[in-house]
Amino acid sequence: MQIRHTTTDDIDTVLRMYDHSRTIMRANGNTVQWVGYPTRDDVAADVACGASRIIESNGRPVGTFAVVPGVEPTYGLIEHGRWIDTSTAYATVHRMAKTADGHNIGTTAFAYAKQQCDHLRLDTHASNTAMRHMADIEGFVYCGIVYMSDGSPRVAYEWWRYDTVPASIKAWVEESVMPQYDTFDTAHRRDHARRVIARAMQMQPTPMVFAAAAMHDIGLRDGRETHHISSGRMIRDCKALRQWFSDNEVEQIAQAAEDHRASAKEPPRSLLGAIVAEADRDVEPETIVRRTVEYSLSHYPDYDSEQHWQRCIDHLHEKYAEGGYIKLWLPDSPNAAPLAELRTLIKDETKLRLLFTTLLPSPKK
């Protein structure tokens, strides 16, 4: 497939693609996204600033998308999360659509966008499961909720290139490591692994950090209680890692996995372990409460709402409140500020209960 700039002669074609994609959304239960949007004026504006692209197959338009560089005004406020990288310029991927016979449009569009910019963001409606799945497959990290100019919420994602990591390692992680997370509880799926990778790489962008962050939870296959030990054993037994790392480096990666647990009483044995442990301590308040609720729903399906609530507050106090067992191992830890916010939330039981209720909308009676 080929990609070119959209021209004014393509506007009607792009609008037809929007109509088709809107029909697909409705057929999949997404009735609220793209209502009266994008308009002809939106397409014309994308064409005028050079942001819009056409994807062609055998010379025929089959898809469209926009890559808009610069600050996206609606991303200034993000709730229930935070952007991971706020220090570098980014471009936003917008308005992706296709014809009825367009195939692999998302893959093609994202590959192009990644060639154009090392740091990308996007947003989509919570009901747009196809785009959310595509964002995950493409390595985007869920960051929180942003709001459009009309006040409607969107889920927000972020991606950036790890040029310090060989492409072969990244490909192996995507093909052999990430699928393992699909079998774990909902609090430890691919989105969790990707966020740990992203946070760790922000602290030290090296191949060893990437591998350790990607593999830190793979021992969940053998159960939660000793998963850190299982992760270390599986890393030591992984022959594929010897393609890129020495035996000593593999041992350090294994130790980092063993040392990452928040309940560990001793500090990690290395800086690598401290980085992975800190990256795993994603203490953004709503993320922590959501993961606590998800774990409770998954492991205690017979609980009613009050039992889930009691388990939630007991866990939060035991682990995250003042005097809880969670520890931060790095000076000037990036987790210090969000942990303080979380502790403030835990003290405000009324506000905490309201958040809990939104995350458990249909409690068992």
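The values are calculated or read from the model by the stated rules, or taken from the named source; none is laboratory data. Treat the numbers as computed from the prediction; the structure is a model and nothing was measured. Methodologically, a virtual Cβ is constructed for each residue, glycine included, from the backbone with ideal geometry; neighbour enumeration extends over all protein chains shown. All accessible areas refer to the heavy atoms of the entire protein, side chains included, with ligands and DNA or RNA removed. Shrake-Rupley method; radii C 1.70, N 1.55, O 1.52, S 1.80 Å.
Axis of helix 105-116 versus longest Cα principal axis of the chain: the two differ by about 80°, to the nearest ten degrees. For the chain, modelled as a GNM whose springs connect Cα atoms under 10 angstrom apart, the maximal fluctuation among Gln243, Gln33, Gln252 occurs at Gln243.
Using Cα atoms only, what is the angle between the long axis of helix 305-319 and the major principal axis of the chain, expressed in degrees (0 to 90) to the nearest 10? For helix 305-319, the angle is close to 70 degrees.
Angle between the Cα long axis of helix 40-49 and the longest principal axis of the chain, 0 to 90 degrees, nearest 10? On a 0 to 90 degree scale, this one is about 80. With all protein chains in place and a 1.4 Å probe, the accessible surface of the chain carries 52 percent carbon and sulfur. Amide H to amide H distances under 5 Å link Trp160 with Leu120, where only residues 5 or more positions off or on other chains count and H is placed in the peptide plane. About the centre of its Cα atoms, region 80-166 shows a dipole size close to 100 debye [charges on the beta carbon of Lys, Arg (+1) and Asp, Glu (-1) only; nearest 20 debye]. When Kirkwood radius over Cα pairs in Å is computed from the coordinates, the matching label among (i) 21.0; (ii) 20.1; (iii) 22.2 is (iii). Extension gain, Thr358-Asp12: 0.36 nm per intervening residue step, less the Cα-Cα distance, totals 120.4 nm.
Structure remark: mean-square fluctuation, Gaussian network model of the chain, C-alpha springs under 10 Å; the largest value among His94, His299, His308 belongs to His299. Using the Karplus relation 6.51 cos²θ - 1.76 cosθ + 1.60 with θ = phi - 60°, the per-residue 3J(HN,Hα) values for region 271-283 come to 4, 4, x, 5, 5, 5, 4, 5, 5, 6, 7, 7, 9 Hz, with x marking Gly and Pro.
Computed from the C-beta positions of Val71 and Asp101 and an R0 of 35 Å, the FRET efficiency is 0.45 to the nearest 0.05.
Per the Debye formula on identical point scatterers at the alpha carbon atoms of region 152-258, with no solvent, log10 I(q)/I(0) at q = 0.15, 0.16, 0.18 Å⁻¹ is -0.60, -0.68, -0.86.
Test of understanding: what is the full-extension gain from Ser149 to His317, defined as 0.36 nm times their sequence separation minus their Cα-Cα distance?
Values: separation 168, 0.36 × 168 = 60.48 nm, distance 3.78 nm.
Once the chain is fully extended between Ser149 and His317, it gains 56.7 nm.
Which one, Ala113, Gly63, Leu352, is farthest towards the positive end of the dipole of the chain when Lys and Arg carry +1 and Asp and Glu -1 on their Cβ? Among Ala113, Gly63, Leu352, the one farthest towards the positive end of the dipole of the chain is Gly63. Both numbers refer to the Cα atoms of region 233-281; Rg and Dmax are 11.1, 33 Å. Inter-label distance, Gln115 to Tyr37: 3.0 nm, where each label sits 7 Å from its Cα along the C-beta direction.
Taking the Cα centre as origin and putting +1 on Lys and Arg beta-carbons and -1 on Asp and Glu beta-carbons, what dipole magnitude results for the chain, to the nearest 20 debye? Could you put the intermediate results ahead of the total?
Numbers: 42 positive and 50 negative charges, 68 e Å.
It comes to approximately 320 debye.
Calculated FRET efficiency, Leu271 and Glu175, Cβ-Cβ r, R0 30 Å, to nearest 0.05? Working shown, then result.
Details: r = 29 Å, r/R0 = 0.95.
Given R0 = 30 Å and the Cβ-Cβ separation, E is 0.55.
With contacts taken as Cα pairs under 8 Å and at least 6 residues apart, region 1-105 reaches a relative contact order of 34 percent. Pairs spanning more than 23 Å between alpha-carbon atoms, out of Lys114/Lys170; Lys319/Lys351; Lys170/Lys239; Lys239/Lys327; Lys319/Lys347: Lys239/Lys327. For the pair region 141-218 and region 1-61, the centres of their Cα atoms are 29 angstrom apart.
Radius of gyration over Kirkwood radius for region 233-318, both on Cα atoms: the Rg/Rh ratio is 1.13. Result for the chain in a Gaussian network model with C-alpha springs under 10 Å: among Lys98, Lys347, Lys114, the largest mean-square fluctuation is at Lys347.
Might you tell me the accessible area per residue for the chain, computed with a 1.4 Å probe and given in Å²?
Numbers: 17040 Å² over 365 residues.
That works out to 47 Å² for each residue.
Label-to-label distance, Ala126 versus Ala44, with points set 7 angstrom from Cα along the beta-carbon direction: 3.6 nm. If R0 equals 45 Å, the separation of the Cβ atoms of Ser246 and Glu349 corresponds to a calculated FRET efficiency of about 0.30.
Hey, what did the chain get for relative contact order, percent, Cα under 8 Å, at least 6 apart? Before the final figure, lay out each step's value.
Values: 554 pairs, mean separation 39.4, N = 365.
Reported relative contact order: 11 percent.
Sort all Cα-Cα distances of region 1-148 into consecutive 10 angstrom bins from zero, then give the percent of pairs in each bin up to the one containing the longest distance. Percent of Cα pairs in each bin: 10, 42, 39, 9, 0.
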